[in-house]
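All remarks here apply to the structure that follows.
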Amino acid sequence: MAHSTLIHGRYRLLDRVGRGGMGEVWRARDESLGRRVAVKCLKPLARRDDEAFVSMLRERFRREARVAAALQHRGVTVVHDFGDDDGLLYLVMELLEGRNLSQLLVDNERRPLPVAEVVDVAEQVAGALAYTHAQGVVHRDLKPANVMRTEDGAVKICDFGIARLAHDIGFTAKLSGTGVAMGTPHYMSPEQIAGSAVDHRSDLYSFGCVLYEIATGAPPFEGGDPWAVLVGHRDTPPVPPRAHRPDLPPPLEAAILRLLAKAPDERPYGAEQLADELGAARAHLHGAGTGARGTVPPWTHGMDGGLAAGGALATRPRAATWAPGLSGLTGRWTEGAGPDELTRESADTTHVAPPHTPPRIPRQAPRAAMRSPLPRERLTVLAGRHNAGLRLGRLGRWEEAYEVHRAVAAERERLLGPYHPETLASRYETGSALARLGRHREALEEYVRTAAGRATVLGPDHPDTLAVRHELGHALGRLGRWAEALEVHRQVTAVRERVLGPADPATVASRNDEAHCLQRLGRPGEAATV
């Protein structure tokens with residue numbers, strides 16, 4: 001590939017930012033949308049003269065790329081587009097500014113990362129894996145180089161589907177005379193080494209290897225050759241991390257050793273089962289004192305304490321008798337909003353209006369708030385609280401994230417009105433947190449209100465409106481209301497196909513949900529067609 005190459009008449013390659021066995025990663029410009037993106041170029045090297053093989057390879061690539069593009073989580077790199085440009089397979093992804101964990105270790109001269117950062121990375125990766133595994137997606141090649149730490153502290157997993165593509169394209173190396181796929185030996189699970197079937201628990205083992213390395217500075221098994229490493233994974237118990245680094249919290253060590261169990265059945269069933277141990281590890285940091293910055297949760301870095309008490313904004317804290325979880329929030333976050341406005345429990349008969357139906361207008365903002373100038377400082381504080389809620393979600397702390405988003409939504413509605421984009425953004429995040437907590441009726445209520453508001457302000461075809469309607473369909477499905485969910489997904493598919501085209505990842509994701517609803521309704525023939 002060369003500088004200024006134009007891929008598919010749309011993506012202009014600017015400069016190469018990485019190169020590996022499968023190809024290259026370029027910083028590029030999307031000429032259609034005028035934005036910067038990352039383009040991963042994959043070049044098949046084997047059997048290109050075999051038409052049947054190439055056709056199979058392209059179909060496998062499309063399938064894997066669609067799966068990756070359908071993943072929508074803050075802890076997973078977004079795939080915008082994919083395609084085949086004259087034999088060159090390419091993926092277009094969000095451009096991340098930051099360093100992967102392998103680079104961070106090199107920058108740190110192979111010394112382990114600070115304990116608070118290890119815990120933060122562990123919580124964010126666990127949240128992302130819990131999501132992807134719930135979608136039935138297994139990474140298969142989790143390693144420090146595939147985990148990116150962005151400049152704002154977010155952690156994102158990269159390259160879902162790439163490991164399987166590597167095998168099909170012909171890049172996966174083999175151990176001499178064995179037929180066992182090498183992959184990345186320092187992070188392979190015992191079942192991968194044995195060539196057995198793998199599931200999400202293989203990712204959990206690799207996750208344990210990653211955490212072991214960033215916590216101690218070295219992977220759990222090392223040796224002079226790949227065989228020694230593979231035998232270590234298969235037969236040798238790992239040295240407990242605290243033997244290398246005594247200051248590690250014992251709960252963190254316990255989590256890592258559980259992940260590194262040889263037998264899949266002895267590992268946590270899912271990444272979400274690590275929450276207690278990782279929470280205890282973070283609590284251990286708090287117990288060590290808060291004088292040093294490293295002991296403060298990373299999601300709070302850069303936040304101030306808000307406005308000083310006093311003046312027009314100071315209010316006496318009042319007991320939140322209707323919402324015990326908000327006991328730590330003062331009246332200025334909750335005043336003017338009661339339980340009927342913040343914790344509405346949706347009935348099974350909640351009506352989901354189609355896009356062409358004019359939405360019911362929700363309660364307007366108080367007149368006093370509309371007459372007076374907007375308090376900019378207060379809105380800035382609310383923006384900080386909103387971002388804190390997002391960070392809590394990235395850490396998997398959904399109960400706390402929900403309480404923050406609910407309070408911010410109520411305050412923004414009081415100040416800005418129900419249709420302001422910031423109010424609607426908080427409503428959307430409140431619904432997302434409720435969904436992650438399994439409170440799907442309440443999530444549905446938030447999604448219905450947000451969809452109506454965005455349709456009014458942004459229009460029914462706006463991507464943000466479609467995004468919330470997409471989640472609304474998921475909420476209906478989780479409540480067993482599959483016929484209504486199917487109707488919502490069909491409407492979203494139709495609009496996305498008209499606006500974005502039939503091959504856009506968002507359109508494909510909606511169509512996939514449509515097929516899932518048909519399957520759950522006992523209509524497998526139609527599902528297969530879709």
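The values are calculated or read from the model by the stated rules, or taken from the named source; none is laboratory data. What you are looking at is a predicted structure, and each value in this text was computed from that prediction instead of being measured. Quick reminder, even Gly has a Cβ in these numbers, built from the backbone with ideal geometry, and neighbours come from all protein chains shown.
Looking at residue 465, is it more than 24 Å from residue 512 (Cβ to Cβ) and not in a loop (DSSP other than H, G, I, E, B)? It is false that residue 465 is more than 24 Å from residue 512 (Cβ to Cβ) and not in a loop (DSSP other than H, G, I, E, B).
Quick grid of which residues meet (1) surrounded by fewer than 18 Cβ atoms within 10 Å (Cβ to Cβ); (2) at positive phi; (3) modelled with pLDDT of 85 or more:
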position	(1), (2), (3)
64	no, no, no
67	no, no, no
85	yes, no, no
88	yes, no, no
100	no, no, yes
109	yes, yes, no
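Say we look at region 409-448 and pick out the residues that are among the aromatic types (Phe, Trp, Tyr) and surrounded by 21 or more Cβ atoms within 10 Å (Cβ to Cβ); which of these is nearest to residue 395 (Cα to Cα)?
Step one: list which residues in region 409-448 are among the aromatic types (Phe, Trp, Tyr), which gives 419, 428, 447.
Keeping just the survivors that are surrounded by 21 or more Cβ atoms within 10 Å (Cβ to Cβ) gives 428, 447.
On the way: 428: 18, 447: 23 Å.
Here the residue is 428.
Which of the helices (runs of 4 or more DSSP H) contained wholly in region 212-288 include at least 2 residues that are assigned by TED's automatic domain parsing to the domain that holds residue 184, touching a residue at least 40 places away in the same chain (Cβ under 8 Å) and farther than 22 Å from residue 145 by Cα? It would help to see each step written out before you state the result.
Details: elements: 226-235, 241-244, 250-259, 275-287.
Here the list reads 275-287.
Just to verify a result, which residue in region 449-467, among those that are surrounded by 24 or more Cβ atoms within 10 Å (Cβ to Cβ) and hydrophobic (A, V, I, L, M, F, W, C), is nearest to the chain's Cα centre (by Cα)? Per the criteria, the residue is 466.
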